Structure formats: C-alpha cells, structure tokens
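Everything below concerns the one structure shown next.
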Amino acid sequence: MNGPGQQWDADTYGRHAGFVPALGRPVLALLAPQAGERILDLGCGDGTLSLEIAAAGARVVGVDSAPAMVERARRRGIDAHLADGEHLAFDAEFDAVFSNAALHWMRDADGVLAGVARALKPGGRFVGEFGGHGNVAATKVALSAVLQRRGIDPRAHLVWYFPTAEAYRRKLEAHGFAVDTIALIPRPTPLPTDMAGWFDTFAGPMLSALPTGERAAARDEAVALLEPVLRDDEGRWTADYVRLRFAARRS
Ligand code: BEZ
C-alpha cells in the first residue's frame, strides 16, 4: 500500500481497519492457492492474508511500500520486503500474484501491470480486489467540500485509483493478460470504530493538504457532512465501498 501523504501505522490500522483482510476472503477463494506454488502478495500490509495463503502450503513473498507494515508482516513470519508496487523487479518467478485492497493506492496502473506480468511465469495468475468506480463516493465528496472551503482544489489530492471494470479489463488485456472474471461489487462495509477513525487511517493524502493544526477540524467537518448519510440510527458507521474483483492469466 502506498500513496503520497499516506503514513501507515500497524496498530492504528489494526484498530480501525482490521476488516480489510477479514473481508478479503472471497478474493482469496478466487486465488485458490495450491501447495507448492510460489505466490507474490502485492501490498501485503501486515501479512494477515499472506499467512492464509501460506496455510494452503504455498510459498509466499510479500511486498509493501510501508515500512511499518513490512516490519509487522516479518514479525509474523512472512518473507516480506519493502518495494514500490509500481516498479516491481521480479522476473518470471511466481505462479500467481495476489493483491487485496492495495491497487487503489498505485496510480500508475500500467507500471503495476507491467511489473506483475514480468513477475509471473507464463500462464501465471493475477487475482485481486481493490476499490472500483464509485468507491467511497460520499466520503470523497465530503473531503472535497472541506478542502474547497479552505481554498484548496481537491482534485490534486484525491489520489485513489478506482477504475471501472471495462477500463481495468482493457488495461489487463493491453499487458497481455486473458481476463477470466472481472466485476464491480458494491459492498457497504460496517466500520469497527467510526468515520473519524477511518479518516485517520486512510485519508492522509487529502488531509495532509492542510496545515497540521487545521486537519482535525477539517476531518470533523467532513464527518459531520457524512453523518446523515453513513451513520445509522444506532450510531454505527457504514463505509460506501465498491470493490473491483478480477482473475486474469498471463498468456
Ligand atoms: C478502500 O479499501 O476502498 C479504500 C482504502 C483507502 C482509501 C479509500 C478506499
């Protein structure tokens, strides 16, 4: 996981975003890791899903651009490395590349796909899930509004990559992949804490456009804008997630 202005802290992530790997199980099922396979977990985070892939008997290598996450994954026994997913340096050595909730941080999708294609053996699988078109739409509007109120053009700071299924299929095919399945999946996601916690975990690229002393007030203003939309009568918050899930093969 990476992105300009985004800092990752493994404890904050575990508290506010433990649902991210937990909800990654369907894409893990789509990967169907086999004993003896060598699999790259691209954007492995704290290694929760890497461990599940390893439990199937595969040999897993994890890469992530966040030092705190690589450190946490290593402490859990994963062969994890610090690497930029837009510039992977592997060569025809993996049976599969897997990625959950990381590709939306990598704006250079062509750089990512060129590196994944190079990393795979011929016939190797690329299976993943990330934010798709329409993901966190209300949240983006609220963040845009609070930046605009402070005279900042939000477009330069909305860094996430959320493509449509058609656009990402075209990119996969342009990089030599045959697409087995690709679809947008709306997935309203109950948050384990609240919207302020979500912003503190994920909205670094937007809030860091502001001076440090103004960020908490801007965050609280965005939370207030979202309250009538994403908070229910019992006080629970649900994030407006839309996932893009796909399975493709390198020809
Ligand atoms: C997501 O997983 O959908 C997501 C993560 C960080 C920022 C925005 C969306």
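The values are calculated or read from the model by the stated rules, or taken from the named source; none is laboratory data. This structure is a prediction, so every number in the text was calculated from the model and none was measured. Heads up, the Cβs are rebuilt from the backbone with ideal geometry, glycines too, and the neighbour counts pull from every protein chain shown. For the accessible areas, the whole protein counts, side chains as well, though only heavy atoms, and no ligand, DNA or RNA atoms are used. Shrake-Rupley method; radii C 1.70, N 1.55, O 1.52, S 1.80 Å.
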Can we say L184 is within 19 Å of H133 (Cβ to Cβ) and within 16 Å of the ligand (Cβ to nearest atom)?
-> yes
Which helices (runs of 4 or more DSSP H) sit wholly inside the range 21-102 and have at least 3 residues that are closer than 21 Å to A10 by Cα?
-> 48-55, 67-75
For the range 190-251, please list each of the helices (runs of 4 or more DSSP H) lying entirely inside it that holds at least 3 residues being of a type in the set (A, V, I, L, M, F, W, C) and within 12 Å of the ligand (Cβ to nearest atom).
-> 195-202
Given (1) open to solvent by 20 Å² or more (accessible area, probe 1.4 Å); (2) modelled with pLDDT under 95; (3) not acidic (D, E), number of the condition P205 does not satisfy | (1)
Mind checking whether some residue in the range 14-30 is buried (at least 23 other Cβ atoms within 10 Å of the Cβ), modelled with pLDDT of 95 or more and not aromatic (F, W, Y)?
-> no
Among the candidates E214, E234, E227, single out the residue that is touching a residue at least 40 places away in the same chain (Cβ under 8 Å), farther than 30 Å from L31 by Cβ and open to solvent by 50 Å² or more (accessible area, probe 1.4 Å).
-> E214
Here the residues within the range 149-174 that are open to solvent by 50 Å² or more (accessible area, probe 1.4 Å) and under 18 Å from G124 (Cα atoms) are R169, K171, E173, A174
Please find, within the range 108-141, the residue that is farthest from the ligand (Cβ to nearest atom) out of those that are assigned to a helix (DSSP H, G or I) and open to solvent by 40 Å² or more (accessible area, probe 1.4 Å).
-> R118
Any hit, the range 38-52, residues being out of contact with any helix residue (DSSP H, G or I) (no Cβ under 9 Å at 6 or more places or on another chain) and of a type in the set (D, E, K, R) = yes
Name, by its number, the condition in (1) more than 15 Å from the chain's Cα centre (by Cα); (2) within 16 Å of the ligand (Cβ to nearest atom) that does not hold for W160.
-> (1)
